[in-house]
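The values are calculated or read from the model by the stated rules, or taken from the named source; none is laboratory data. As the structure is a computational prediction, the values presented were derived from the model and not from experiment. Positions of Cβ are generated from backbone atoms using ideal geometry, with glycine treated the same way; all protein chains shown enter the neighbour counts.
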Amino acid sequence: MSAAAGELLTVAEVAAACRVSADVVYGWIDAGELPAEDLGAGGKRATYRVDPADLDEFRRRRRTTRPAKPAPRRRLTVEDVTRYF
């Protein structure tokens, strides 16, 4: 994170860090997935600030790993089919 220690991030900064739109970040906040402080500016949208540690934890929780590739499927031969029946 580029924020100094103790500095809170804006929704735009979180969106840029995650490479998503601000609307997606607001969705995460509204769903309770990303903790944020509402500074209550009284505009159309709440004025949220996100602690960098909360963003790091959010990203850690959402990290996924690629599943292992399944083993290649073996083609059936005529012998396999006749052996089955």
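Scanning segment 33-50 for residues that are at pLDDT 95 or above and farther than 19 Å from GLU7 by Cβ yields one hit, GLU33.
Counting only helices (runs of 4 or more DSSP H) that fall entirely inside segment 16-84 and contain at least 2 residues that are surrounded by 12 or more Cβ atoms within 10 Å (Cβ to Cβ), the qualifying elements are 22-30, 52-62.
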